[in-house]
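Colleague: Just dropping this structure here.
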Amino acid sequence: MGEARDQARDQPTDQPTDQPMELAMDSASAKALWRQRLRPLRLDRASNCQATILAVARRELPLALPPGKRLGLYWPLAGEIDLRSLAELPVDGPGDGLADRLALPAVAGVPGQGTLDYRAWQPGEPLEPDLCRIPAPLGPALAPGQLGLLLVPALGFDRHGIRLGSGGGWYDRLRADPAWRAVPSLAVLPAACLVEQLPRDPWDVPFDGWLDETGVHPLPAAGSFPWGAGSTA
């Protein structure tokens, strides 16, 4: 979310996605090839995984969100898992719902100098296109301490916590701030888009784990964050 989207037109493939790229290839070129490979694969698999990933999220995430904190969602684009109905979940206690504890990202500023932040959001509130022309709330930016968990769509994800997005770098720049890095963050994608190792640049900030149709998968660095009982390592 919040990233400029490439327009790859490759067809889906059932070939394994953990094949190594050419060793001599630079990181930018290798990432571009991974996007060409994974974008159509995710698009192909997402429709089949949508209901299952949503069910996993509904089961696990209420246990993982700290009391009083907001859940950072995203406005789904083509091929991204739609988790907006998590707003219907009860949290904390009877009568309390997640609808008033959500946030969406927004890229604000001028072209070439934009920044990503999170803003409070409730279903039904007005949205306007942000700098990346993605619907975003109109309110002020939230502080990192107001968020308890971030869910971020991914084209690919590896066992080291490296997420492949669409190339805008918005989330890496946000999470370069130690205060935002401290907010637990999960990539969201079909299991078919997991790979053994993705190209990595110095500015890539690892995520704490991922959410797919088989469960929530915290990485070892996620420590004692309270994932649900159904989570897998």
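Each reported figure results from applying straightforward, stated rules to the coordinates on display, with no laboratory input. What you are looking at is a predicted structure, and each value in this text was computed from that prediction instead of being measured.
Colleague: With θ set to phi - 60°, apply the Karplus curve 6.51 cos²θ - 1.76 cosθ + 1.60 along the stretch 177-189 and write out the HN-Hα couplings as whole Hz, x wherever there is a Gly or Pro.
Modeller: 6, x, 5, 7, 4, 6, 7, x, 9, 10, 7, 10, 5
Colleague: Of all DSSP beta bridges located in the stretch 27-222, what percent are antiparallel, nearest 5? Write down the numbers at each step before the final one.
Modeller: Numbers: 17 of 31 bridges.
Antiparallel bridges make up about 55 percent of those DSSP assigns within the stretch 27-222.
Colleague: Determine ³J(HN,Hα), in whole Hz, for all residues of the stretch 102-109 in sequence, where each value follows from phi through the Karplus function 6.51 cos²θ - 1.76 cosθ + 1.60 and θ = phi - 60°; x replaces Gly and Pro.
Modeller: 10, 8, 10, x, 8, 9, 10, x
Colleague: Once phi is turned into ³J(HN,Hα) by the Karplus curve 6.51 cos²θ - 1.76 cosθ + 1.60 with θ = phi - 60°, what whole-Hz value does each residue of the stretch 205-220 show in order, with x for glycine and proline?
Modeller: 9, x, 8, 8, x, 9, 10, 9, 6, 9, x, 9, 10, x, 7, x
Colleague: While we're looking at this one, here's another question. Please list, in chain and number order, the residues 5+ apart from ASP212 or on another chain whose amide H is under 5 Å from its amide H, with Hs placed from the backbone.
Modeller: HIS217
Colleague: Taking amide H atoms as placed 1.01 Å from N in the peptide plane, list the residues 5 or more away in sequence, or in a different chain, whose amide H sits under 5 Å from that of ILE162.
Modeller: Here the answer is PHE207, since their amide H atoms fall under 5 Å of that of ILE162.
Colleague: Then there is this: Starting from the Cα gyration tensor of the stretch 43-160, take the square roots of the eigenvalues, sort them a ≥ b ≥ c, and report rounded, prolate or oblate (rounded when a/c is under 1.5, otherwise prolate if a/b is larger than b/c, else oblate).
Modeller: oblate
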